[in-house]
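The structure appears right after this line, and notes come after that.
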Amino acid sequence: MPARRARGVSIEDVARAAGVSRQTVSNALNAPQRLRPETLDRVTELIRQMGYRPDQSARSLRSGTRRIIAYTTPETDPANPNALMSGFLEALVAASGEAGYRILLVRPRPGQSQEKAIDEVIAGGGADAFLLSDVLDDDPRVEHLAAEGFPFAVFGRTGPGLAQSWVDVDSALAMADLVGLLADRGHRHVGLLTMSLDQPWLRHRAEGFRAGVSDRGLTSAEATADDPESAVAAARELLAGRPAPTALVVIDDWLAPAAYAAAQAEGLVVGSDLAVAGFNDMPYAALLQPPLTTVRLPLRRIADALVGRLLTIIEDGVSAEAGLLLPGEIVVRASLP
C-alpha cells in the first residue's frame, strides 16, 4: 500500500495553522524565493512540526510535469576531475532538491552530438527543462533548445536574441576588484598570466584585469600559457621584465603553481617579494605555501538562482527578460604581501 502522510496532515492543514493560503504553502515547498523570509521561516517550521509530506507523484500527474531538470554535464578526466564543476553539481542537486525537483545527468553517447542527446530526453519526456553550463559563444545547445522552444537556463551567458534565463559570475568586476586590492597594497606594475583559449569566462577575466589596471593608473604586462611547462617559462618571462612586476595575477588557479615555481627560480619569495593571486578558489589554493589569494565563485547562490528561474519557466511559463550577474568573493590569503 502507498505510504500515508504523517498523521494525515494535508496542505490545507498547514495553511490553516500558518494563517496563509494554500498557494503560500506550495510556494514554501516549490518556489521559496517568492516568499518574504519571515513568512518562509514560519511556514517551513510548521511543515516540519506537523510532519507534512507532499505527494510528489500525485502533484506531478496534476501538473503534467515530471519534476526533473536535465543537466548536460561537462566532460572531465576521472583521474583529474574538475573540482569547480563538481562543487556546482553538488550545489545544483541541493537547490533542486529543496524545490522538489531531481537532477538527470545527460551526456552524449560516443559519437553522438549534444543536440541528439538533448532530443532523446525531450522525446522521451524525461525532463521538464534543461540546465546548461560551460556555455561558449554561439553554443549549439542553446540555439537548439531555443529552436525547440523547450525550457532551459544557463550557467554562463546567452547572446542577444536568445532567451536570457542565465546566471553568471561578474568575472570582470571581480578581477578589477582584485587589481584594485593589489593597488591598495602599493603594487604599481602587475603581470597577468593568461591562456590562449577563447572561452567567455577567461575573456571576461582578462577584460576586468585590464579595466582595473586602467582605472588605477597601473602598468602591466601579459603572457600566455596553456600547459604547466610553458606556464613556468611564461611566468619567468614576466618576472624578468623591466620593470619587473611586484604582483602576478593568474587567470585560473591551475596556473598558480607555475607562478610559484617561477618565483622560486628567480629567487623571489611569494608573499614577501612577490604577490600572487588567482581565480576560482580551487581546493588546492589553500594548500599552496603560502596559501593563494583568489576569487571564489558563489556556487550555491548561482544554483539557487538558476533553479528559481527554471521553476518560473516550468510552472508559470514566464522567462526572464535579462540575465543575472552575481559578484565573486575575493578570499585574501598569505600570497599577498
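Over the chain, what relative contact order in percent results from Cα pairs under 8 Å that are six or more residues apart? Answer for the chain is 16 percent. Beta bridges from DSSP with both residues in the chain: antiparallel share about 10 percent, rounded to the nearest 5.
For the range 46-204, give the magnitude of the charge dipole about the Cα centre (Cβ charges: +1 Lys/Arg, -1 Asp/Glu; no others), in debye to the nearest 20. Could you put the intermediate results ahead of the total?
Details: 15 positive and 20 negative charges, 142 e Å.
Roughly 680 debye for the range 46-204.
The residues of the range 77-121 have, on average, 58 Å² of accessible surface per residue, using a 1.4 Å probe with all protein chains present. Put simply, the amide H of Val169, placed in the peptide plane, has neighbours under 5 Å in Leu326, leaving out anything fewer than 5 places away on its chain.
Think of the chain as a dipole: +1 on every Lys or Arg Cβ, -1 on every Asp or Glu Cβ, centred on the Cα centre; then among Pro151, Leu192, Ile47, Ile47 lies furthest on the positive end. What the phi angles of the range 153-166 give under the Karplus curve with 6.51, -1.76 and 1.60, with θ = phi - 60°, is a coupling list of 9, 10, 8, x, 9, 10, x, x, x, 10, 4, 9, 7, 10 Hz, glycine and proline written as x. Using equal-weight Cα scatterers in the Debye expression, the normalised intensity of the range 56-174 in log10 at q = 0.10, 0.17, 0.18 Å⁻¹ is -0.33, -0.95, -1.06.
Starting from the Cα coordinates of the chain, work out the convex hull volume and express it per residue in Å³. Show your work: numbers first, answer last.
Working: hull volume 58.3 nm³, N = 337.
With only Cα atoms used, the chain gives 173 Å³ per residue.
From the Cα gyration tensor of the range 198-290, with a ≥ b ≥ c the square roots of its eigenvalues, which class applies: rounded if a/c is under 1.5, or else prolate if a/b is larger than b/c, or else oblate? Write down the numbers at each step before the final one.
On the way: a/c = 1.44, a/b = 1.12, b/c = 1.29.
Rounded.
Just going by the charge dipole of the chain, with Lys and Arg at +1 and Asp and Glu at -1 on Cβ, which of Phe209, Leu173, Pro228 is farthest out on the positive end? Value: Leu173.
Give me the tail of P(r) for the range 222-266 as a percent: Cα-Cα pairs with distance above 16 Å.
Values: 221 of 990 pairs.
Looking at the range 222-266, the distances longer than 16 Å represent 22 percent of pairs.
Between Leu131, Leu255, Leu268, the Gaussian network model of the chain with springs among Cα atoms under 10 angstrom shows the greatest mean-square fluctuation at Leu268. Which one of Gly51, Gly156, Gly191 has the biggest mean-square fluctuation once the chain is modelled by GNM with Cα springs under 10 Å? Maximum among the listed residues: Gly51. Mean residue ellipticity, 222 nm, helices only, the chain: the sum of -39500 (n - 2.57) across DSSP H runs of n ≥ 4, divided by residue count and rounded to 500, is -13500 deg cm²/dmol.
Taking GluC sites (Glu not before Pro) in DSSP loop states with no more than 14 other Cβ atoms inside 10 Å as exposed sites, the chain has its longest site-free stretch at 76-320. Of the three principal axes defined by the Cα atoms of the range 74-132, the extents in descending order read 32, 30, 13 Å. For the residues Asp184, Asp252, Asp170, a GNM of the chain with alpha-carbon springs under 10 Å puts the largest fluctuation on Asp184. Across the range 189-205, coupling constants 3J(HN,Hα) worked out from phi with the 6.51/-1.76/1.60 Karplus curve, θ = phi - 60°, read 10, 10, x, 10, 9, 10, 10, 8, 4, 8, 9, x, 5, 5, 5, 5, 5 Hz, and Gly and Pro carry x. Provide the net charge surrounding Thr158, with neighbours chosen by a C-beta distance below 14 Å and charges set as Lys +1, Arg +1, Asp -1, Glu -1. Neighbour charge sum, excluding Thr158 itself: -4.
Only Cα pairs under 8 Å and 6+ residues apart enter the sum, and on that basis the relative contact order of the range 198-337 stands at 21 percent. Kindly list the residues of the range 308-337 that lie in the label zone of Arg216, defined by a backbone N under 12 Å from the point 7 Å along the Cα-to-C-beta vector. In the range 308-337, the label zone of Arg216 (backbone N under 12 Å from the point 7 Å along Cα→Cβ) covers 337.
The values are calculated or read from the model by the stated rules, or taken from the named source; none is laboratory data. Computed from a predicted structure; not experimentally measured. Because the Cβ atoms are built from the backbone with ideal geometry, glycine has one as well, and the counts that use them run over all protein chains shown. Side chains are part of the model used for accessible areas, which takes the heavy atoms of the whole protein and leaves out ligands, DNA and RNA. Shrake-Rupley method; radii C 1.70, N 1.55, O 1.52, S 1.80 Å.
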